[in-house]
Each structure stands twice: as structure tokens, then as C-alpha cells.
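*Asks:* Input: one structure, supplied below.
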Amino acid sequence: MIHIPKAEYTRRRKALMAQMEPNSIAILPAAAVAIRNRDVEHVYRQDSDFQYLSGFPEPEAVIVLMPGRQHGEYVLFCRERNAERELWDGLRAGTEGAIRDFGADDAFPITDIDDILPGLIEGRDRVYSAMGSNAEFDRHLMEWINVIRSKAHLGAQPPNEFVALDHLLHDMRLYKSAAEVKVMREAARISCAAHVRAMQASRAGLHEFSLEAELDYEFRKGGAKMPAYGSIVAAGRNSCILHYQQNDALLKDGDLVLIDAGCEIDCYASDITRTWPVNGKFSPEQKAIYEIVLASQEAAFAEIAPNKHWNQAHEATVKVITAGLVKLGLLQGDVDELIAGEAYKPFYMHRAGHWLGMDVHDVGEYKVGGEWRVLEVGMALTVEPGIYISPDNQNVAKKWRGIGVRIEDDVVVTKQGCEILTGGVPKAVAEIEALMAAAR
Ligand code: GLY
Ligand code: MN
Ligand code: MN
């Protein structure tokens with residue numbers, strides 16, 4: 001299995017600590033277990049920031065980083081080994097495993113955190129944490145701080161500065177290392193196979209969930225624990241619902257089906273959309289819309305390179321889509337004026353993409369100092385233009401209504417431009433039709 005090597009976690013912790021102020025401490029909690037219903041739990045997914053710094057896959061854990069500390073800069077609080085619990089729920093690293101296998105300088109049972117952590121915080125000037133994103137943890141943190149405050153008369157020195165960790169950490173996460181790109185390529189490869197399989201299986205009379213099952217099969221077979229987000233399998237008019245997830249409608253002859261789905265490998269997402277005809281052959285209207293979306297995506301790729309800014313790719317898609325809609329008579333007027341008036345928005349209401357990484361909508365600022373961010377090598381993003389013609393749009397001829405097309409690929413910025421990670425699933429009309437014909 002392709003995964004992030006242990007040494008990379010060490011490198012990340014060191015890089016973060018190098019940016020922290022002297023005499024400071026960073027504290028991060030693991031994700032909580034989420035209850036699905038009664039005593040059934042959701043599949044556990046580690047918090048992305050926590051995972052990024054530790055690779056430690058268990059709940060009930062807390063990372064503490066203290067740059068420059070003599071007795072160890074990296075302390076991990078975690079669950080202790082417990083033969084009874086491990087018999088029922090699976091193995092635990094325990095404090096020994098945290099040191100031996102996960103590089104902690106020291107480790108303590110999570111049950112002792114209230115006794116130990118205030119002592120680690122005491123005397124440090126500044127605390128970094130993900131303030132505001134986990135109310136329960138924020139409350140714990142204040143309790144630990146108050147323990148120190150209550151001992152001020154004995155000479156204890158509580159910290160005075162509380163700083164959001166996000167700014168430092170999320171900027172690091174925005175730049176993908178070679179190891180991260182390798183994992184993202186693997187997630188992309190598996191997701192491409194899943195889309196190809198769903199295309200090959202597509203038939204009128206099946207349901208949206210039948211194709212979702214084909215996706216899930218490839219995801220799991222490829223070693224992915226779960227999809228990176230809820231798969232969207234949207235046939236016919238459902239393709240015009242951007243975050244459709246019901247996935248239970250019938251696939252009908254003559255309809256398109258839009259699938260937006262990608263798996264996650266070692267907590268790195270892929271995010272692919274393809275749109276194809278259920279019966280394997282595009283109608284003239286479907287093809288006309290599809291070709292505009294595809295051309296707009298090609299135009300966007302050309303705008304992704306170092307020194308181009310974040311919005312250039314989006315602007316390129318808006319231009320091609322607006323001009324295309326005018327050509328088909330779906331919009332009337334001067335292209336530049338229509339763009340200025342955002343006339344394309346009833347058909348193209350989302351942006352051309354987002355950062356991609358451990359979170360499908362990954363962290364990282366899109367603007368810096370009020371200006372669109374300039375792209376740099378290692379940044380990963382999606383390119384996903386679309387056209388959606390509402391079934392209720394009375395301003396267009398009936399033949400166009402209910403057509404929804406999105407095409408989405410994942411790219412990483414390289415020195416020369418960008419590498420497309422998701423090229424393994426066809427998207428030219430002729431390629432899709434040929435692949436589907438061969439599977440019939
Ligand atoms: N799958 C969600 C998105 O494409 O942004
Ligand atoms: Mn996306
Ligand atoms: Mn998507």
C-alpha cells in the first residue's frame with residue numbers, strides 16, 4: 001500500500017515547530033468517534049490536522065508539541081493497551097507504541113491528561129490550537145489554563161497568548177510534498193478505475209445506486225477505506241442538483257448520468273466528475289453542452305502554472321462557457337457584457353475548483369493580502385467546470401432542460417504547468433462512447 005512514510009511526519013512536526021514562537025506549545029486533539037445510531041459508530045476518520053502531524057490513527061489522543069523542550073518536544077497522550085477492550089474493538093498502540101511506532105518522544109495515558117498537561121503548558125508564553133473548531137476541546141483547554149491560573153499565587157505562570165494554529169499548519173498543508181503527490185496519484189488512479197467501471201456498467205433500467213456500487217467495489221478493492229466524500233450519482237434532471245446524494249433514481253434511456261466521486265488513500269482525497277449518457281450515446285443537445293464544458297476545462301488547465309493566480313482558471317472557464325451558451329442561443333448578447341453581468345450564473349453557479357488534499361475541500365487561503373493567491377509548485381486543486389440547465393428554466397427551449405454536465409479532474413502545479421492526476425478516465429465524447437460500446 002502506498003502511504004505517507006513515517007519520516008515525513010517527523011519532518012512536518014519539525015517544520016511546524018520551526019515556525020512557532022520561542023517558548024510556545026501546540027495542542028491538537030484527535031477526532032472524536034461519531035455515533036451513527038445507538039451503539040453503532042461511523043467509520044472512524046482521523047482529524048486531518050492531527051493525522052498530518054502524527055499519522056496516529058486512533059481516537060482519544062492529543063498531540064502536544066513544545067519546540068526546544070529538553071525532555072522531548074513531541075508528547076502524545078493516547079489510550080492505554082487494554083486486553084479486554086482490544087478483544088472487542090481491535091488493537092491499540094498504547095503509550096509504548098506511540099513512542100516506538102509513531103515517533104513520540106514521550107507518551108502518557110489519555111486518562112492522565114488533566115494531571116499532566118497543565119504542567120506542560122505552565123511557563124510557556126503562547127498556546128497554539130485550532131480555536132473555535134472543537135467547542136469541547138476549547139473548554140478543556142481553558143480548564144487546563146485555569147488550573148495554572150489558580151496556582152499563580154504559588155508562582156505558576158499561565159500563558160498570555162492564544163493563537164490559532166490554522167494559519168501556520170494550513171499553509172504547510174497547501175504545499176504537497178513528493179510523498180503526498182504519490183499518495184494522491186494512487187487515490188486518483190483507483191478513482192479513475194472506479195469511474196471507468198461505472199461507465200462500463202451503465203445501462204437503462206439500473207438505478208443510480210447500482211453505479212455507486214461499482215464505484216465502491218473499485219474503491220475498496222484498491223485499498224481505500226472509504227470515499228473522500230459522499231458519492232454523487234445523479235441521472236437525468238438530478239444532474240442539475242449540485243450536491244445530490246439520494247442516488248436511488250432509475251437510469252433512463254436517453255438521460256445523462258453525472259458521477260462525482262473519489263476515494264481516499266491514507267487520508268488523501270481524490271475528486272473526479274464524469275458525465276456520460278446512460279445508453280452510451282450522447283444526443284446532439286447533450287453533446288453540444290458537453291463539448292463546451294470540456295473546452296472550458298481545457299482552457300482552465302492552460303491557466304494553471306506557477307505565477308498564474310488562483311482565479312485565472314475560473315475566469316477562463318467563465319469565458320468559454322458564456323461564449324458557448326451564446327453560440328447555442330441559450331444566452332443572447334455580447335459575451336463580455338454577459339460576463340460582466342454574470343449572466344452565466346443560472347447555468348454555471350459554482351467556482352472552477354478548490355484546493356485538494358487531506359480534505360476534499362482542502363485548507364489554504366485563496367487570497368493573500370486581499371489578492372488572489374499566486375500558484376506555486378506543489379499546490380493541488382480541482383478543475384471542475386459545469387453547465388446545469390434547470391428542468392424548470394422557462395427561458396430556454398424544452399430540449400435543453402434537465403441537462404447537467406460537470407467534468408472534474410485533479411491537478412498538481414508543476415514547474416512547467418500542471419500534472420493531471422486523473423487522466424486515467426476518458427472524457428472526450430468519442431472516447432467515452434467507444435469505451436461504453438466495447439462494454440455492451
Ligand atoms: N465533490 C465535491 C466537489 O466537487 O467539490
Ligand atoms: Mn471538487
Ligand atoms: Mn467533485
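*Asks:* Give the residue, chosen from 201, 235, that is touching a residue at least 60 places away in the same chain (Cβ under 8 Å), farther than 30 Å from residue 7 by Cβ and away from ligand 1 (no atom under 16 Å from the Cβ). Spell out how you get there, then give the answer.
*Replies:* On the way: 235 fails: touching a residue at least 60 places away in the same chain (Cβ under 8 Å).
The unique qualifying residue is 201.
*Asks:* Looking at (1) in contact with a strand residue (DSSP E or B) (Cβ under 7 Å, 6 or more places away or on another chain); (2) within 14 Å of ligand 2 (Cβ to nearest atom); (3) not charged (D, E, K, R), which is the one condition that is false for residue 289?
*Replies:* Result: residue 289 fails condition (2) only.
*Asks:* What is the one condition in (1) surrounded by 18 or more Cβ atoms within 10 Å (Cβ to Cβ); (2) within 26 Å of residue 4 (Cα to Cα); (3) over 19 Å from the mean Cα position of the chain (by Cα) that residue 306 does not satisfy?
*Replies:* The failed condition is (1).
*Asks:* Looking for whichever is within 15 Å of ligand 2 (Cβ to nearest atom) and touching a residue at least 40 places away in the same chain (Cβ under 8 Å) here; the options are 207, 195. Which one fits? Don't jump to the end; show me each part of the working.
*Replies:* Numbers: 207 fails: within 15 Å of ligand 2 (Cβ to nearest atom).
When all the criteria are applied, what remains is 195.
*Asks:* Across the stretch 122-133, what is the number of residues that are out of contact with any strand residue (DSSP E or B) (no Cβ under 6 Å at 6 or more places or on another chain) and either in a helix (DSSP H, G or I) or surrounded by 15 or more Cβ atoms within 10 Å (Cβ to Cβ) (or both)?
*Replies:* Matching residues across the stretch 122-133 total 2.
*Asks:* For the stretch 336-354, check the following and say yes or no: at least one residue is assigned to a loop (DSSP other than H, G, I, E, B) and β-branched (Val, Ile, Thr). Lay out the reasoning, then the answer.
*Replies:* Here is the first cut: in the stretch 336-354, the residues assigned to a loop (DSSP other than H, G, I, E, B) are 341-354.
Of the ones still in play, those that are also β-branched (Val, Ile, Thr) are none.
No, the conditions are met nowhere in the stretch 336-354.
*Asks:* Has the stretch 218-235 got at least one residue that is within 19 Å of residue 283 (Cβ to Cβ) and not hydroxyl-bearing (Ser, Thr, Tyr)? Break it down stepwise before answering.
*Replies:* Initially, the stretch 218-235 is screened for residues within 19 Å of residue 283 (Cβ to Cβ), giving 234-235.
Adding the requirement that they be not hydroxyl-bearing (Ser, Thr, Tyr) leaves 234-235.
Yes - at least one qualifying residue is present in the stretch 218-235.
*Asks:* Quick test for you: out of 252, 225, 221, pick the one residue that is charged (D, E, K, R) and modelled with pLDDT under 95. Outline the logic, then answer.
*Replies:* On the way: 252 fails: modelled with pLDDT under 95; 221 fails: modelled with pLDDT under 95.
Answer to the check: 225.
*Asks:* What are the pairs, 6+ residues apart or on separate chains, where a residue within the stretch 354-377 that is free of Cβ contacts under 8 Å to residues at least 12 places away in the same chain has its Cβ under 6 Å from a residue that is within 16 Å of ligand 3 (Cβ to nearest atom)?
*Replies:* Partner pairs satisfying both residue conditions: 361/354.
*Asks:* Which residue pairs have Cβ atoms under 8 Å apart, sit 6 or more places apart or on different chains, and have a first residue in the stretch 249-271 that is within 16 Å of ligand 1 (Cβ to nearest atom) and a second that is outside any loop (DSSP other than H, G, I, E, B) and among the basic types (Lys, Arg)?
*Replies:* Short answer, once both residue conditions are applied: 258/274; 258/406; 259/274; 260/406.
*Asks:* In the stretch 388-408, which residues are closer than 17 Å to residue 237 by Cβ and either buried (at least 24 other Cβ atoms within 10 Å of the Cβ) or within 16 Å of ligand 2 (Cβ to nearest atom) (or both)?
*Replies:* To start, the set of residues in the stretch 388-408 that are closer than 17 Å to residue 237 by Cβ comprises 388-406.
Selection gives 388, 389, 403, 404, 405, 406.
*Asks:* Looking at 351, 373, 401 in this structure, which one is touching a strand residue (DSSP E or B) at 6+ places or on another chain (Cβ under 8 Å) and among the basic types (Lys, Arg)? If you could, list the steps in order and put the result at the bottom.
*Replies:* Details: 351 fails: touching a strand residue (DSSP E or B) at 6+ places or on another chain (Cβ under 8 Å); 401 fails: touching a strand residue (DSSP E or B) at 6+ places or on another chain (Cβ under 8 Å).
Matching residue, one of 351, 373, 401: 373.
*Asks:* How many of the residues in the stretch 392-415 are away from ligand 1 (no atom under 16 Å from the Cβ), within 15 Å of residue 347 (Cβ to Cβ) and aliphatic (A, V, I, L, M)?
*Replies:* Residues meeting the conditions: 3.
*Asks:* Still on this model: From 41, 73, which residue is over 21 Å from residue 172 (Cα atoms) and acidic (Asp, Glu)? Spell out the reasoning first.
*Replies:* On the way: 73 fails: over 21 Å from residue 172 (Cα atoms).
It is 41.
*Asks:* Could I ask something else about it? Does the stretch 256-274 hold any residues that are under 30 Å from residue 5 (Cβ atoms) and of a type outside the set (A, V, I, L, M, F, W, C), and which are they? So that I can check it myself, show each step before the final result.
*Replies:* Narrowing the stretch 256-274 to residues under 30 Å from residue 5 (Cβ atoms): 261-272.
262, 264, 266, 268, 270, 271, listed by residue number.
*Asks:* Under 9 Å between Cβ atoms, at least 6 apart or on separate chains: pull out the pairs that start in the stretch 50-76 with a residue that is closer than 15 Å to residue 119 by Cα and of a type in the set (Lys, Arg) and end on any residue that is assigned to a loop (DSSP other than H, G, I, E, B) and at pLDDT 95 or above.
*Replies:* Partner pairs satisfying both residue conditions: 69/105.
*Asks:* May I pose another question? Quick check: anything in the stretch 342-350 within 16 Å of ligand 3 (Cβ to nearest atom) and either within 18 Å of the chain's Cα centre (by Cα) or among the acidic types (Asp, Glu) (or both)? Show your work before the answer.
*Replies:* Let us first name the residues in the stretch 342-350 that are within 16 Å of ligand 3 (Cβ to nearest atom), namely 348-350.
Now restrict to residues that are either within 18 Å of the chain's Cα centre (by Cα) or among the acidic types (Asp, Glu) (or both): 350.
Checking the stretch 342-350: at least one residue is within 16 Å of ligand 3 (Cβ to nearest atom) and either within 18 Å of the chain's Cα centre (by Cα) or among the acidic types (Asp, Glu) (or both).
*Asks:* Within the stretch 388-409, is even one residue within 16 Å of ligand 3 (Cβ to nearest atom) and closer than 30 Å to residue 172 by Cβ? Talk me through it step by step, then tell me what you get.
*Replies:* Residues of the stretch 388-409 within 16 Å of ligand 3 (Cβ to nearest atom): 388, 404-409.
Filter once more, so that each one left must be closer than 30 Å to residue 172 by Cβ: 408-409.
The answer is yes, given that some residue of the stretch 388-409 is within 16 Å of ligand 3 (Cβ to nearest atom) and closer than 30 Å to residue 172 by Cβ.
*Asks:* Now for a separate question. Enumerate the pairs (first residue in the stretch 273-285 and polar (S, T, N, Q); second residue anywhere and surrounded by fewer than 16 Cβ atoms within 10 Å (Cβ to Cβ)) with beta-carbon separation below 7 Å, excluding pairs fewer than 6 apart on the same chain, so at least 6 apart or on different chains.
*Replies:* If the second residue must be surrounded by fewer than 16 Cβ atoms within 10 Å (Cβ to Cβ), the pairs left are 279/204; 279/253; 279/254; 283/254.
*Asks:* From the residues in the stretch 158-210 that are assigned to a loop (DSSP other than H, G, I, E, B) and aliphatic (A, V, I, L, M), which one is nearest to residue 360 (Cα to Cα)? First the steps, then the outcome.
*Replies:* Keep residues of the stretch 158-210 that are assigned to a loop (DSSP other than H, G, I, E, B), which gives 158-160, 165, 176-177, 202-206.
Retained after the next criterion (residues that are aliphatic (A, V, I, L, M)): 165, 204, 206.
Values: 165: 20, 204: 31, 206: 29 Å.
This residue is 165.
*Asks:* I need a count of the residues in the stretch 46-69 that are among the aliphatic types (A, V, I, L, M) and in a loop (DSSP other than H, G, I, E, B). Reasoning before the result, please.
*Replies:* As a first pass, look at the stretch 46-69 and keep what is among the aliphatic types (A, V, I, L, M): 53, 61-66.
The next check asks that each one be in a loop (DSSP other than H, G, I, E, B); those that pass are 61, 66.
Residues meeting the conditions: 2.
*Asks:* Given the condition under 28 Å from the mean Cα position of the chain (by Cα) and closer than 17 Å to residue 359 by Cβ, answer yes or no: does some residue in the stretch 134-153 qualify?
*Replies:* Yes, some residue in the stretch 134-153 is under 28 Å from the mean Cα position of the chain (by Cα) and closer than 17 Å to residue 359 by Cβ.
The values are calculated or read from the model by the stated rules, or taken from the named source; none is laboratory data. Since this is a predicted model, take the numbers as computed values, not measurements. No Cβ is skipped: glycine too gets one built from the backbone with ideal geometry, and neighbour counts run over all protein chains shown.
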